[in-house]
Amino acid sequence: MRRRIEQFRVRRVCRTYDREQGKFSFNISYETTVKLTPRALVVAEAFGLGVDEAQKFTVLDTELKVAPTDIVYITGDSGSGKSVLLRALRKDLGEEAVDLSEVAVDVDKPLIETVGATVEEGLELLSKVGLNDAFLFLRTYGQLSDGQKYRYRVAKLIESKKQWWLMDEFAACLDRDTAKIIAFNLQKIARQQGKAVIAATTHGDLFEDLNPSVLVHKRFGKEIQVKYFQNRPASQCSLVKEMRIEQGTIKDWHSLSSFHYRGHLVAGPRKVFRLMRGDELCGVIVYCYPPPSCFGRRLVLPQMSMQELNEKLSIVNRVVIHPKYRTIGLGARIIRETLSLAGTPYVEMVAVMAKYNPFAEKAGLQKIVEQQPLEGIKRIAAKLSEFGFNLSLFGSERYVLERLGNLKTEEISALRDLFVANKHPRFKKEFAVSRHQPFGKTSDFVISVENADLKKIAKLIRIVGMLMQTKVYLFWEAE
């Protein structure tokens, strides 16, 4: 019976700190020793190898100088020793480091329940890695794609607060576009937070997006090449250079509307622009005519007639970027490059996400004020709570209809009266009968609410849920 070959690995890592350079010097030696079996000895003799020569292989023998804020990109052929180098560094760094493979994942809870100490912190972390979709916040890890799972694990890596982030086979299982986007975001976040990244992969196409300060090219045997560069962030993701913005149509919005958390219908579109990469639609922005009133507007504009508002003011009604291309600055870009093309001297924008992600401010809009729910909306929500409604489930049409079906006739009447008493423009918009008056007439609204069926009332309740959100009002003025 053949004896198994026994392998003994000898690893030596000596770490010293150079105060002048602010870098650690890792002197790493890694050898593999094989106990030769009788058959292996026959092979050694046949090729004229000495026993010592046949038994001992030097896998790695090098020195690396790495600062605790460096981005280290280790690349080379499969089997050349990249993982060996990474494991040696991981063992030496100990509690100072975390490896992506060590990240714990709770597969049963919604993402927002598993990241961050608070909802705000969780939204911020998930948004940083490109999981900034309202629907994704509520999904479990098991419901994500491979690319989304990888982004999530990077978010957990960030949350660990460790100084050194290590990743073997970095983004190797992902398509190359997604890998480049994740590489760009990773180096950006690490540099913002003053962390070090050590990423190893066979793929050599991530240099531009990682923009490493240390490049390690590991070849077979002892050969290893190390280059050092300035530690500065990549200016933009390499994919952005392949994109252009052009005039679009409402059909472009419909193509990507399923990736937006709000309704798909857009009333009164003024102009549409699209972001293209070759023939691929990557993003859409829709400018619309303004509503008759909007919180925050009086802080920046004098009172105007509806005709004057339509002539001078546009509102950013929808901005959507394909999930694949999020977090590489495209939301800010599509706003920034189209503000002057909207055709009006003023543009306003109301956004929930702007509270967590300042993409609109980066595009040139000025944050004016945050809006808390109006008193009238809070009164409707309070009455619904009295009737047994769960505010967190207002977005579910099925849930709302079921609850309405259990109400008494007098309770339905009380709700009708509340909606009539609080004639919010967003409610009136649901009963508009003319495209020339997208926010409808008050008289039409009152009659419509009094005659509305349960499905229509359910729609108004879902709008209450939306209006209960904290929103940010932003404003732009042409120079």
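Please go through the stretch 120-129 and pick out each residue that is surrounded by 13 or more Cβ atoms within 10 Å (Cβ to Cβ) and in a helix (DSSP H, G or I).
The initial filter retains those residues of the stretch 120-129 that are surrounded by 13 or more Cβ atoms within 10 Å (Cβ to Cβ), namely 121-129.
Across the stretch 120-129, the qualifying residues are 121, 122, 123, 124, 125, 126, 127, 128.
Any idea how many residues of the stretch 440-479 are part of a helix (DSSP H, G or I) and either under 30 Å from residue 357 (Cα atoms) or among the aromatic types (Phe, Trp, Tyr) (or both)? Break it down stepwise before answering.
Going residue by residue through the stretch 440-479, those that are part of a helix (DSSP H, G or I) are 442-451, 454-467.
In the following step, the residues that additionally are either under 30 Å from residue 357 (Cα atoms) or among the aromatic types (Phe, Trp, Tyr) (or both) were identified as 445, 459-467.
Qualifying residue count for the region: 10.
Would you say residue 215 is among the aliphatic types (A, V, I, L, M), within 21 Å of the chain's Cα centre (by Cα) and not in a loop (DSSP other than H, G, I, E, B)? Explain how you work it out, then say what you get.
Working: among the aliphatic types (A, V, I, L, M): yes; within 21 Å of the chain's Cα centre (by Cα): no; not in a loop (DSSP other than H, G, I, E, B): yes.
It is false that residue 215 is among the aliphatic types (A, V, I, L, M), within 21 Å of the chain's Cα centre (by Cα) and not in a loop (DSSP other than H, G, I, E, B).
Can you list residue pairs whose Cβ atoms sit under 7 Å apart, with the first residue in the stretch 75-100 being touching a residue at least 60 places away in the same chain (Cβ under 8 Å) and the second being hydroxyl-bearing (Ser, Thr, Tyr) and surrounded by 17 or more Cβ atoms within 10 Å (Cβ to Cβ)? Count only pairs 6 or more apart in sequence or on different chains.
75/201; 88/30
Step by step: first the residues of the stretch 397-429, then only those that are closer than 24 Å to residue 441 by Cβ and basic (Lys, Arg), then the one that is farthest from the chain's Cα centre (by Cα). Which residue is that?
Among those residues, the one meeting the criterion is 416.
So which residues in the stretch 163-188 are touching a His at 6+ places or on another chain (Cβ under 9 Å) and part of a loop (DSSP other than H, G, I, E, B), if there are any at all? Break it down stepwise before answering.
Keep residues of the stretch 163-188 that are touching a His at 6+ places or on another chain (Cβ under 9 Å), which gives 170-172, 176, 179.
Across the stretch 163-188, the qualifying residues are 170, 171, 172.
If I filter the stretch 385-417 down to residues being surrounded by 13 or more Cβ atoms within 10 Å (Cβ to Cβ) and outside any helix (DSSP H, G or I), which single residue comes out as modelled with the lowest pLDDT?
Taking the candidates together, the pick is 395.
Can you report the number of residues in the stretch 176-228 which are exposed (fewer than 14 other Cβ atoms within 10 Å of the Cβ) and hydrophobic (A, V, I, L, M, F, W, C)?
Number satisfying all stated conditions: 1.
Any chance you could count how many residues in the stretch 317-332 are farther than 24 Å from residue 470 by Cα and surrounded by fewer than 21 Cβ atoms within 10 Å (Cβ to Cβ)?
2
Among what's in the stretch 132-161 and is more than 12 Å from the chain's Cα centre (by Cα) and acidic (Asp, Glu), pick the residue that is surrounded by the most Cβ atoms within 10 Å (Cβ to Cβ).
This residue is 159.
Do any residues in the stretch 235-249 that are closer than 11 Å to residue 208 by Cβ have Cβ atoms under 8 Å from those of residues that are at pLDDT below 95 and surrounded by fewer than 19 Cβ atoms within 10 Å (Cβ to Cβ), where the two are at least six apart or on different chains, and which pairs are they?
Partner pairs satisfying both residue conditions: 239/177.
Just a yes or no: is a residue in the stretch 361-379 part of a helix (DSSP H, G or I), touching a residue at least 60 places away in the same chain (Cβ under 8 Å) and over 23 Å from the mean Cα position of the chain (by Cα)? Let's see the steps before the verdict.
To start, the set of residues in the stretch 361-379 that are part of a helix (DSSP H, G or I) comprises 361-362, 375-379.
Checking which are touching a residue at least 60 places away in the same chain (Cβ under 8 Å) leaves us with 361, 377-378.
This time we only want the ones that are over 23 Å from the mean Cα position of the chain (by Cα), so: 377-378.
Yes, because at least one residue in the stretch 361-379 is part of a helix (DSSP H, G or I), touching a residue at least 60 places away in the same chain (Cβ under 8 Å) and over 23 Å from the mean Cα position of the chain (by Cα).
Return the residue satisfying two criteria in turn: it lies in the stretch 250-272 and is assigned to a loop (DSSP other than H, G, I, E, B) and touching a residue at least 12 places away in the same chain (Cβ under 8 Å), and of such residues it is surrounded by the most Cβ atoms within 10 Å (Cβ to Cβ).
Of the stretch 250-272, the ones assigned to a loop (DSSP other than H, G, I, E, B) are 260-268.
Still in the running and touching a residue at least 12 places away in the same chain (Cβ under 8 Å): 260-262, 266-268.
On the way: 260: 18, 261: 14, 262: 13, 266: 16, 267: 14, 268: 20.
For the stretch 250-272, the residue satisfying everything is 268.
Looking at this structure, is residue 245 of a type in the set (A, V, I, L, M, F, W, C) and more than 21 Å from the chain's Cα centre (by Cα)?
Details: of a type in the set (A, V, I, L, M, F, W, C): yes; more than 21 Å from the chain's Cα centre (by Cα): yes.
Spelling it out, residue 245 is indeed of a type in the set (A, V, I, L, M, F, W, C) and more than 21 Å from the chain's Cα centre (by Cα).
If we keep just the residues of the stretch 348-360 that are in a helix (DSSP H, G or I) and buried (at least 19 other Cβ atoms within 10 Å of the Cβ), which is farthest from the chain's Cα centre (by Cα)? Lay out the reasoning, then the answer.
To start, the set of residues in the stretch 348-360 that are in a helix (DSSP H, G or I) comprises 353-355, 359-360.
Next, only the ones that are buried (at least 19 other Cβ atoms within 10 Å of the Cβ) stay: 353-354, 359-360.
Numbers: 353: 12, 354: 13, 359: 12, 360: 15 Å.
This residue is 360.
Hey, could you check the stretch 331-347 for residues that are aliphatic (A, V, I, L, M) and outside any helix (DSSP H, G or I) and say which is nearest to residue 366 (Cα to Cα)?
First, pick out the residues of the stretch 331-347 that are aliphatic (A, V, I, L, M): 332, 334-335, 339, 341-342, 347.
Among the residues that remain, those that are also outside any helix (DSSP H, G or I) are: 342, 347.
Values: 342: 17, 347: 10 Å.
Restricting to residues being aliphatic (A, V, I, L, M) and outside any helix (DSSP H, G or I), the top hit is 347.
The values are calculated or read from the model by the stated rules, or taken from the named source; none is laboratory data. Keep in mind the model is a prediction, meaning the values are calculated, not measured. For neighbour counting, all protein chains shown are included, and Cβ atoms are generated from backbone atoms with ideal geometry for every residue, glycine included.
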